[in-house]
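One structure is given here, and the rest of the page talks about it.
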Amino acid sequence: MSTHSTVYIAGLGIISAIGNNVAEHLDAFKNERAGMAGITIIDTIHKGKLPVAEVKLSNEQLISLTGLTEHNSRTALLSLAAAREAVADAAIPGLDELRVGLVSANTVGGMDRSEDFFVEFIADNSKGKLKNVYDHECGSITEIVADKLGITDFITTISTACSSSANAIFYGARLIKNDIADVVIAGGADSLTKFTLNGFNTLMILDEGFCKPFDENRKGLNLGEGAGYIVLVSDKVAETLSTPPYCTLSGYNNSNDAFHQTASSPDGTGSYMAMQGALKMSGLKPSDINYINLHGTGTPNNDSAEGTAVKRVFDPHYPPMSSTKSFTGHTLGASGGIEAVFSALAIRHKIIYPNLRFQTRMNELPFAPVTRYLTGKPVKHVMSNSFGFGGNCTSLIFSEV
Amino acid sequence: MKIYIRSSACVSAQHTLGVQNFLEDIVEYTGNRLPVIEPDYKRYIDPKQIRRMSHVIKMGIAAAKECLAEAGVDMPGAIITGTAFGCMEDTITFLTRIIEYHEELLPPTAFIQSTHNTVAAQIALLLKCHNYNNTFVHKGMSFEGALFDAVMLLKEEEANNVLVGGTEEMVDTSFTVLTRLGLYRRFPVSNLDLFKTVSKGTIGGQGAAFCLLSTDISPDNLAELRAVKTLYKPKDIEEGIAGFLKANFLTITDIDLVINGKNGDINNDEPYKQLEAGLFKETTIANYKHLCGEYPTSSSFALWLASNILKKQVVPEVLLEDNKIVGPPKSVLYYNHYQGKYHSLMLLFAI
């Protein structure tokens with residue numbers, strides 16, 4: 001039933017701790033400028049102890065940037081900022097005449113506002129401002145963005161922990177392939193909350209310093225926040241674009257590790273299956289991949305499992321790889337979207353991102369990530385990994401047009 | 001390609017899980033919030049694990065495993081769930097502890113189990129199922145999102161069968177907050193009188209319902225799922241429904257039974273009443289939310305209901321408002337709206 005065989009990426013939008021748009025991200029990478037710092041936006045006892053990668057705009061600044069209101073969740077503010085940039089970047093002629101979808105992902109919804117509500121509510125169940133729970137549901141975030149962008153043809157929300165927005169992107173591609181939509185804005189957003197900060201802290205997987213993905217002496221992850229969206233278009237729409245698309249989405253796979261609710265299996269079964277599945281779909285060999293944007297959270301468990309799976313797929317010819325979470329922190333439900341933007345930019349600008357703060361190769365692995373910003377590299381095919389709680393593993397492959 | 005409902009299982013306020021009779025012993029509740037009839041979870045889950053699981057996880061696993069058992073399938077080709085609120089019990093537990101313990105010495109279990117994909121993940125874990133696994137969380141369209149994905153996967157020939165379900169738990173906190181938001185009746189009502197009393201508000205509900213979609217022809221299939229569609233803020237819903245039927249080469253006269261999402265709230269039910277006087281004028285209409293309560297993924301209950309009606313060729317009287325006698329239906333149209341913004345349609349046929 002597929003009438004469209006190729007899905008193109010026509011636009012990018014992003015906001016994270018290292019920039020408020022695509023241009024600022026490219027600049028941060030070029031200057032190897034990470035986004036981690038002390039906590040400023042959340043009122044927490046972990047302030048001054050745990051570094052996080054906050055978007056460097058206050059809610060007030062984000063409200064004036066997006067035109068949303070003060071009761072909206074920060075997740076919605078971030079989501080709209082990035083999604084709007086992506087739509088503008090794609091500059092699709094006659095967008096109003098096309099079937100447009102929004103497939104967005106997040107894990108926290110409006111938890112930042114619900115936390116405010118809950119403090120008063122716990123003391124007295126008749127208290128707490130109700131407008132602070134309007135955006136509680138994950139779906140509310142998508143709805144707000146869809147309404148602001150005027151999208152009604154198809155909207156949905158996906159939440160599969162840290163692989164959420166990678167799944168949103170490939171769901172968007174399938175909507176186009178199945179002739180449900182001509183254009184899909186896909187990706188995700190998450191804001192930092194006390195809920196997630198404390199949650200990851202109880203798991204003892206937060207690094208008290210800046211994270212060191214894939215380093216033998218890695219201690220854990222740094223939480224981040226942000227949003228990343230790509231605009232997927234059918235081949236027919238791609239032909240109408242005034243500037244060439246960034247790349248295609250040539251492969252994707254969603255597999256489940258089915259090992260543990262939070263931990264990855266030692267041999268990275270789910271990650272291995274996701275990477276193999278995406279390669280098979282794209283018709284590429286492992287040696288065709290020019291860059292891997294690793295999930296690379298910096299936790300001992302993830303990097304060990306992912307590294308083992310990478311070894312099983314790529315040994316003995318390892319492409320350059322890095323974890324851009326060493327810049328942005330782990331943006332949870334936004335990470336797949338943010339890293340899809342980085343993947344597309346790597347192809348467009350022939351660049352490979354450094355894995356910051358890497359010092360010592362992991363004993364168990366025969367490879368190490370790239371440590372410097374590289375330019376002028378032929379980047380034809382990029383693999384992007386996103387793995388999450390619940391064993392949800394997704395790999396995407398982006399290819400040169 | 002035809003897509004069939006191979007099996008369906010449902011945990012609800014009625015006797016719906018693993019029973020032979022079909023809505024013959026209806027349970028009446030008086031209040032503004034329906035519980036579920038708890039299954040014997042030990043039949044489905046290792047007792048050591050049950051203690052740690054929240055209500056929604058237990059309900060979800062029980063419905064999913066019963067559904068697979070009824071289909072005789074050990075390993076589904078994909079697992080897809082829909083939930084608007086996710087794991088509320090664990091979310092609220094963790095949120096409360098953050099505040100009460102001032103962020104110190106928090107146990108991680110509630111956080112670990114609070115992610116929206118927990119039910120789908122736990123099913124995969126129990127089955128050791130490495131296949132496609134996804135969770136949709138879009139308000140009153142969460143289950144429809146999951147179902148739509150399942151249909152696409154089957155059409156893409158990525159799987160021969162897909163386990164798809166909707167889950168929602170109602171905890172005290174969400175009930176209190178949603179009551180303050182004006183969703184529920186202010187005074188207790190019998191669920192069986194829900195449509196006889198005109199008032200603002202409905203009755204809250206919860207539940208878990210799964211079905212196994214399959215492309216395999218089998219005499220045991222419950223029904224054919226012909227189409228599923230969601231509409232966001234349509235200009236004219238009557239036109240939207242007629243358009244949906246037309247796209248499936250049908251008109252309203254081809255539909256033997258409409259299952260609608262009336263919930264007893266005077267404002268909510270207005271669009272249904274307009275359709276009753278318009279497009280659905282000559283069609284028999286069945287209600288279901290008095291049996292399971294109103295919740296964002298109640299459409300999964302409705303799909304269980306529609307599949308069984310078509311398999312058993314009987315429309316239980318409790319679904320009908322005016323005690324009409326209805327012949328054995330060959331086709332069912334499901335129509336529901338959520339807060340007037342989201343409208344969903346499912347079209348099913350007898351095998």
23 Å Cα-Cα reach of A:LYS47 towards lysines, excluding residues that sit fewer than 8 places from it in its own chain: A:LYS56, A:LYS194, A:LYS212, A:LYS219, A:LYS325
Candidate lysines - alpha carbon under 22 Å from B:LYS2, same-chain residues fewer than 8 apart omitted: A:LYS177, B:LYS155, B:LYS229, B:LYS246, B:LYS311, B:LYS312, B:LYS330
Bridge type composition, the protein assembly as shown - antiparallel percent by DSSP, nearest 5: 65
Amide H partners (placed H, <5 Å) of A:HIS330, local residues excluded: A:ASN222, A:LEU223, A:GLY224
Phi to ³J(HN,Hα) by Karplus 6.51 cos²θ - 1.76 cosθ + 1.60 over the range A:342-357, Hz, x for Gly, Pro: 4, 5, 5, 5, 4, 5, 4, 9, 6, 10, 10, 7, x, 9, 5, 6
Most positive-pole-ward Cα, A:LEU95, A:ASN201, A:ASN59, against dipole of the protein assembly as shown from beta carbon charges: A:ASN201
Charge dipole magnitude, Cβ of K and R +1, D and E -1 - chain B, Cα centre, debye nearest 20: 200
Average other protein chain Cβ within 10 Å of Cβ, residues B:140-148: 3
For A:TYR252, B:TYR272, A:TYR353, order by how many other beta-carbon atoms lie within 10 Å, fewest first: B:TYR272, A:TYR252, A:TYR353
Helical contribution to [θ] at 222 nm, DSSP H n ≥ 4, -39,500 (n - 2.57), averaged over the protein assembly as shown, rounded to 500: -10000 deg cm²/dmol
Residue order, fewest to most surrounding Cβ atoms within 10 angstrom, among A:HIS136, A:HIS260: A:HIS260, A:HIS136
Charge dipole magnitude, Cβ of K and R +1, D and E -1 - the range A:8-240, Cα centre, debye nearest 20: 420
Span from the the range A:213-264 Cα centroid across to the the range A:100-129 one, whole angstrom: 26
For chain A, built as a Gaussian network whose Cα springs stay under 10 Å, the top-fluctuating residue of A:ILE185, A:ILE155, A:ILE42: A:ILE42
Alpha-carbon Rg with Dmax, taken over chain B, Å: 19.4, 63
Leading residue at positive end of dipole, the range A:249-399 (Cβ point charges), from A:ALA309, A:PHE259, A:TYR353: A:TYR353
Antiparallel bridges, percent of DSSP beta bridges restricted to chain B (to nearest 5): 65
Nearby lysines by direct alpha-carbon distance to A:LYS131 (threshold 18 angstrom, same-chain neighbours under 8 apart not counted): B:LYS139
Ordering of B:159-166, A:244-251, A:86-93 by burial proxy (mean other Cβ atoms within 10 Å per residue, highest first): B:159-166, A:244-251, A:86-93
For residues of A:54-62, the mean tally of beta carbons on other chains within 10 Å: 0
Charge dipole magnitude, Cβ of K and R +1, D and E -1 - the protein assembly as shown, Cα centre, debye nearest 20: 940
Fewest-first ranking of B:VAL137, B:VAL171, B:VAL326, A:VAL133, using other Cβ atoms within 10 Å as the exposure measure: B:VAL326, B:VAL171, A:VAL133, B:VAL137
Within a Gaussian network of chain B (alpha carbon springs, distance under 10 Å), most fluctuating of B:PRO188, B:PRO329, B:PRO35: B:PRO188
Relative pair counts by distance (%), Cα atoms of chain A, 20 Å bins: 31, 60, 9, 0
Per-peptide average of other Cβ atoms within 10 Å, ordering A:96-109, B:120-133, A:53-66 highest first: A:96-109, B:120-133, A:53-66
Given charges at Cβ of Lys, Arg, Asp, Glu: the protein assembly as shown dipole, positive-most of B:ALA84, B:ILE50, A:ALA23: A:ALA23
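Values in this text are rule-based calculations from the coordinates and carry no lab data. Just so you know, these numbers come straight off a predicted model, no measurement behind them. No Cβ is skipped: glycine too gets one built from the backbone with ideal geometry, and neighbour counts run over all protein chains shown.
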